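Please read the structure below before turning to the comments.
The values are calculated or read from the model by the stated rules, or taken from the named source; none is laboratory data. Given the structure is predicted, the values throughout are model-derived calculations rather than measurements. Don't worry about glycine lacking a Cβ; one is built from the backbone with ideal geometry, like all the others, and counts go over all protein chains shown. For accessibility, only protein heavy atoms count, side chains too; no ligands or nucleic acids. Shrake-Rupley method; radii C 1.70, N 1.55, O 1.52, S 1.80 Å.
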Amino acid sequence: MEAAITILALLFVAFIALGVYATVKAVGAAKRGVDRTITQARRTVEDTTLRAKSFGQTGVPGELAQLRLALRTSMRATQDALHAGVAEDSSLAESVGLFRRLSAHGLELDDELKRLEREPDRATVAALLPQLKERTQRITHSADSLRWAARDRARQFADDDLDALNAQIDIEAGALRHWTVEEQRPQQASGAASQGPGAGAGRAHDAGVDWPEPTAGAGNSTTADESWGGPAREEAPQAITAPDPHLRTRYPWQKAARPETTN
């Protein structure tokens with residue numbers, strides 16, 4: 001009896017612990033979701049504000065807003081491209097590590113630009129603008145290089161896979177049209193036979209081969225003046241007609257002909 005009570009107590013405690021763990025995980029996931037939503041909303045509002053300042057304001061505030069907007073746009077696009085590519089290509093892990101180091105410099109510059117937006121001394125900020133522009137260009141150039149390299153790598157892999165797929169499809173299409181190869185072979189044999197012996201003699205004459213004159217007892221009635229372009233007294237040899245490949249080739253879908261019955 002005491003053992004049963006102990007087992008029940010342990011099961012009760014286990015269920016309580018499991019419920020607490022599940023509650024903590026659920027609360028943590030909900031909190032992270034809320035944090036992501038708030039961060040995304042804050043980022044959207046800040047980007048919209050920077051875009052409005054870059055177009056609506058002139059002078060130092062407008063230039064600072066343009067620098068921040070260009071920096072944030074480039075870094076965010078590179079981050080999305082690398083994180084999307086590393087899931088399919090593990091070799092981009094090193095690129096992701098380099099981008100994290102670059103992000104530290106980008107965040108530092110973004111904070112500095114954000115502080116300078118509230119700086120009342122506009123003359124000092126205007127003197128710092130060339131240096132800030134150079135730093136922004138260097139960071140955005142590195143981010144753009146990583147992003148386009150990752151995209152070019154993914155496109156090259158896609159092109160290679162497409163080439164291999166096209167080659168396999170061509171092979172399969174040729175295998176499906178196997179009857180065309182069987183029909184071409186009798187046609188080639190028919191073309192070679194239809195040329196006759198005269199075609200070979202014509203090619204030999206064109207190549208400069210001198211054939212001996214026929215003798216009187218050879219059964220050929222061609223005279224000497226006919227070999228120099230005179231009228232021929234013999235008819236040209238008839239072309240050999242090859243058998244129709246369609247009559248000889250049988251296909252699996254054709255039915256066998258029934259024999260005729262005789263009365």
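Has the stretch 81-96 got any residue that is at negative phi, open to solvent by less than 70 Å² (accessible area, probe 1.4 Å) and among the polar types (S, T, N, Q)? If you could, list the steps in order and put the result at the bottom.
Applying the first criterion (at negative phi) to the stretch 81-96 yields 81-96.
If we keep only those that are open to solvent by less than 70 Å² (accessible area, probe 1.4 Å) too, we end up with 81-82, 84-86, 89, 91-93, 95-96.
Now narrow it down to the ones that are among the polar types (S, T, N, Q): 91, 95.
Yes: one or more hits.
With surrounded by 10 or more Cβ atoms within 10 Å (Cβ to Cβ), more than 37 Å from the chain's Cα centre (by Cα) and modelled with pLDDT of 85 or more as the only criterion, which of ALA22, ALA9 stands out?
Criteria check complete, one pass: ALA22.
Among the residues of the stretch 82-121, which ones are over 34 Å from the mean Cα position of the chain (by Cα) and either outside any helix (DSSP H, G or I) or of a type in the set (Lys, Arg) (or both)?
Of everything in the stretch 82-121, those that are over 34 Å from the mean Cα position of the chain (by Cα) and either outside any helix (DSSP H, G or I) or of a type in the set (Lys, Arg) (or both) turn out to be LYS114, ARG115, ARG118, GLU119, PRO120, ASP121.
Go through the stretch 31-60 residue by residue and tally those that are part of a helix (DSSP H, G or I), of a type in the set (Gly, Ala, Ser) and open to solvent by less than 60 Å² (accessible area, probe 1.4 Å).
To start, the set of residues in the stretch 31-60 that are part of a helix (DSSP H, G or I) comprises 31-56, 60.
Among the residues that remain, those that are also of a type in the set (Gly, Ala, Ser) are: 33, 41, 52, 54, 56.
Keeping just the survivors that are open to solvent by less than 60 Å² (accessible area, probe 1.4 Å) gives 33, 41, 54.
Number satisfying all stated conditions: 3.
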